[in-house]
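The structure under discussion appears below in the form of structure tokens.
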Amino acid sequence: MKNIWRAVRFIPEYRGRVVGVVAVGSALGALATAAPQVYKMVVDVLSGMVSGRLSHEQGARRVVILVAAFFVLRVAVVVFSALQDKQADDLWLDAVSTFRQRVFDNMTRLSIDYFEKVRVGEIMDRFGAITQITMWLMSLTEGTLANVLQMLFMLGLLAWRAPPIGAIMGAVLAVNFVISYRTVGWTRPYRRGWQRLAGKMTGLLAEMVGNISTVRSFGGEPAVKDRYDQTQAEWRVMRDGLHRTEWRSALILNIANAIGVFVVVAIASLGAVRGRYTAGDILLVLTLSQSLISTVAPIARQINQMGEIDSSAERLLELLDVEAEVRDAPGAVDLERLETVAFENVSFAYPEKGTLALREISFVLGQGQSLALVGPSGSGKTTIVKLLMRFYDPTEGRVLVNGRDIREYTQRSLRAALGVVLQDVALFNDNIAENIAFARPGASLDEVRAAAVAANADSFIGGLPQGYDTLVGERGIKLSGGEKQRVAIARAVLKDPQLIILDEATSALDSESEHAVQQALQRLLRGRSSVTIAHRLSTVVGADQILVLKEGRVVERGPHATLARRPGGLYARLLSIQTQQPIAPPPALIPADIPA
Ligand code: ADP
Ligand code: MG
């Protein structure tokens, strides 16, 4: 139960409305209890008339009054039910929407490292728990709480009218509660198990769909299917255990209830034969006992489900409880204009990893200058960029912007000054115009088009079936690598940042699209500072400063001319390997001297 309560505290504003729904529900419960009482009175009047205790006229008058009371009762039930349904439906809709917004919002604020370690499908699965939890809460407020009140009321009435029967029904209800509550405990391990496995199955499915090309090309279908089937088999075992336990509990309860009702009927009938109860009393006692049994069933079900909901809530809370590792400092200021960047003895290890990805990196990048990072793959180039974007904080040392630690700026303003073009371009399944405007929501179509022109993208977009309205497909699957790259550059142009970061932006391109992309990049870089990571050294020859990295350390630094001439140096070695390749080197990226 405690997880459910903690989850509910994320939407405290609905407390008042919940009380309203419960109040109307309780009124309904009281009305439901009054009905058997009216039946009893009618029967007593009738048997009074039969035995001659009441005159025909007296009897008729009382019956008319009772029938009128019954009518009022039914009308009240209809009105209250309608009111309650409406109230409850509106409440659920509002509550579930708010809840989803809160969780979604929290997800968008988490640090990158969180998303690097969890499966997307698992997040989806946990997200789905919101609907489940709110539905359960709704049936609790709408029916169950009122049912509990109604039950207590009926039991009181029964105990007052026929104490022995009240006692027996009390015992039957107690058995129901105890068994239902214990079932929650008995089924806990199975529930935890099947929910975890269901989450894993969703994760595997999402992974397979996301990597379908790789799966196909390696003929990996049997392997992924095996993994899925195996997880499903484990899931079945857990579900089966759950069902067996629940089945056993339900059987015990049904037997207990049947015995209870049997004893009640026997006692009431014998009591009537001995003249202890009137005909009306018997009717009242039997109706109440029967209603009690049918009221307790949904309550027991609700208690039963509580366990499942509680573990769903626990899984949801795990999403809500992850604190962003990287957070804005309390007095963080907005970065107005990025001028200089510097790394000061920066060392960094990824969370949960012992080895350092970067060791004592230092450099200064002045305004309008270009820095290139080269080195073998895995040497830490991308990691430098991640620290600069503040996806992570350094383990040691400082990253400075305009001479101040970047932790003193708000993350939003810092990232607003950076334009990033990566090897893998992330596109949303939306049209091209929206994808470009993602950099600056609210940009006009003219601005989007101007950016596309600067990025050499306007001409290929013009050739698409619906031009700027063309949908790009999931992650941009309908565009070629070079086209996606130019959309990404258009984004960066539109954003108009002060520092450009290019991480292997052209590595995956063929030479023809590379030429178009290079041209676009040169326009983008003009007049801005830049950090370029390039695999092909020919693209960095014009950089003001080149850092050569190896295993997280800077092993050489300087301009191209110096590094190329150092005998035995890593840069010179990489250069000689590359120039021996028979491919024509593309034009130098920097300096840019082609017309815009
Ligand atoms: P490069 O961009 O030079 O190829 P990276 O900066 O991506 O290299 O990686 C440097 C090192 O950090 C590598 O050893 C890599 O395995 C490790 N690494 C990269 N990303 C992560 C991560 N998210 N979690 C843990 N280790 C990582
Ligand atoms: Mg990299």
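The condition of being assigned to a helix (DSSP H, G or I), touching a helix residue (DSSP H, G or I) at 6+ places or on another chain (Cβ under 6 Å), on the phi < 0 side of the Ramachandran plot and polar (S, T, N, Q) holds for only one of 47, 81, 97, that being 47.
Answer yes or no as to whether residue 242 is assigned by TED's automatic domain parsing to the domain that holds residue 315 and within 23 Å of residue 129 (Cα to Cα). Against the criterion (assigned by TED's automatic domain parsing to the domain that holds residue 315 and within 23 Å of residue 129 (Cα to Cα)), residue 242 qualifies.
Number of residues in region 443-464 that are closer than 18 Å to residue 517 by Cβ and surrounded by 22 or more Cβ atoms within 10 Å (Cβ to Cβ): the value is 6.
Residues of region 351-368 that are open to solvent by less than 60 Å² (accessible area, probe 1.4 Å) and more than 13 Å from ligand 2 (Cβ to nearest atom): 361, 362, 363, 365, 366, 368.
When each of 12, 36 is tested for being surrounded by fewer than 16 Cβ atoms within 10 Å (Cβ to Cβ) and assigned by TED's automatic domain parsing to the domain that holds residue 160, the lone residue that passes is 12. Within the option set 74, 100, 53, being within 25 Å of residue 161 (Cα to Cα), at pLDDT 90 or above and not small (Gly, Ala, Ser) holds for one residue only, 74. Only one entry of 71, 104 meets the criterion of being farther than 30 Å from residue 39 by Cα, aromatic (Phe, Trp, Tyr) and away from ligand 2 (no atom under 16 Å from the Cβ), and that entry is 104. The one condition from (1) at pLDDT 90 or above; (2) in a loop (DSSP other than H, G, I, E, B); (3) over 30 Å from residue 125 (Cβ atoms) that residue 275 does not meet is (1).
Of all the listed residues (390, 398), the sole one being within 15 Å of residue 499 (Cβ to Cβ) and either among the aromatic types (Phe, Trp, Tyr) or in contact with a helix residue (DSSP H, G or I) (Cβ under 9 Å, 6 or more places away or on another chain) (or both) is 390.
Of all residues in region 369-400, those satisfying the criterion of being part of a loop (DSSP other than H, G, I, E, B) and either among the small types (Gly, Ala, Ser) or farther than 26 Å from residue 117 by Cβ (or both) are 369, 375, 377, 378, 379, 380. Residues in region 342-368 that are assigned to a loop (DSSP other than H, G, I, E, B) and either small (Gly, Ala, Ser) or within 18 Å of residue 325 (Cα to Cα) (or both): 9 in all.
Inclusion of residue 75 among residues that are open to solvent by 90 Å² or more (accessible area, probe 1.4 Å), aliphatic (A, V, I, L, M) and farther than 22 Å from residue 157 by Cα is not warranted.
Could we say that residue 516 is away from ligand 2 (no atom under 16 Å from the Cβ), at pLDDT below 85, assigned to a helix (DSSP H, G or I) and not aromatic (Phe, Trp, Tyr) here? In short, yes.
In the condition set (1) open to solvent by 20 Å² or more (accessible area, probe 1.4 Å); (2) among the β-branched types (Val, Ile, Thr); (3) over 30 Å from residue 65 (Cα atoms), residue 21 is compliant with all but (1). Condition check: in contact with a Lys or Arg (Cβ under 9 Å, 6 or more places away or on another chain), at pLDDT below 80 and more than 23 Å from residue 345 (Cα to Cα). Does residue 588 satisfy that? Answer is no for this residue. Residues that are touching a Gly at 6+ places or on another chain (Cβ under 6 Å) and in a strand (DSSP E or B) were ranked within region 550-572; the one that is most open to solvent (accessible area, probe 1.4 Å) is 550.
Exactly one residue among 293, 252, 309 is in contact with a Gly (Cβ under 9 Å, 6 or more places away or on another chain), part of a helix (DSSP H, G or I), assigned by TED's automatic domain parsing to the domain that holds residue 110 and not charged (D, E, K, R), and that residue is 293.
Within region 134-182, the only residue that satisfies the criterion of being surrounded by 22 or more Cβ atoms within 10 Å (Cβ to Cβ) and more than 26 Å from residue 30 (Cβ to Cβ) is 134.
If you check 272, 279, 268, 313 for being hydrophobic (A, V, I, L, M, F, W, C) and under 27 Å from residue 1 (Cβ atoms), only one passes: 313. Taking the criterion of being charged (D, E, K, R) and open to solvent by 20 Å² or more (accessible area, probe 1.4 Å), the residues of region 191-210 that qualify are 192, 196, 200, 207.
For region 369-400, filtered to residues that are loosely packed, with under 15 Cβ neighbours inside 10 Å and over 24 Å from residue 325 (Cα atoms), the residue that is nearest to ligand 2 (Cβ to nearest atom) is 377.
Selection of first residues in region 326-354 that are of a type in the set (Asp, Glu) and of second residues that are open to solvent by 70 Å² or more (accessible area, probe 1.4 Å), restricted to Cβ pairs under 7 Å at least 6 apart or on distinct chains, gives the following pairs, ordered by first then second residue: 339/367; 344/398.
Each row is one residue, and each column tells you yes or no for (1) open to solvent by less than 10 Å² (accessible area, probe 1.4 Å); (2) touching a residue at least 12 places away in the same chain (Cβ under 8 Å); (3) within 14 Å of ligand 1 (Cβ to nearest atom).
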| residue | (1), (2), (3) |
| --- | --- |
| 499 | yes, yes, no |
| 503 | no, yes, yes |
| 515 | no, yes, no |
| 519 | no, yes, no |
| 525 | no, yes, no |
| 530 | yes, yes, no |
| 535 | no, yes, yes |
| 545 | no, yes, no |
| 548 | yes, yes, yes |
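The values are calculated or read from the model by the stated rules, or taken from the named source; none is laboratory data. Since the model is a prediction, treat every value here as computed from it, not as a measurement. Cβ: placed from backbone, ideal geometry, glycine included. Neighbour counts: every protein chain shown. In case anyone asks, the SASA skips ligands and DNA or RNA and just uses the protein heavy atoms, side chains included. Shrake-Rupley method; radii C 1.70, N 1.55, O 1.52, S 1.80 Å.
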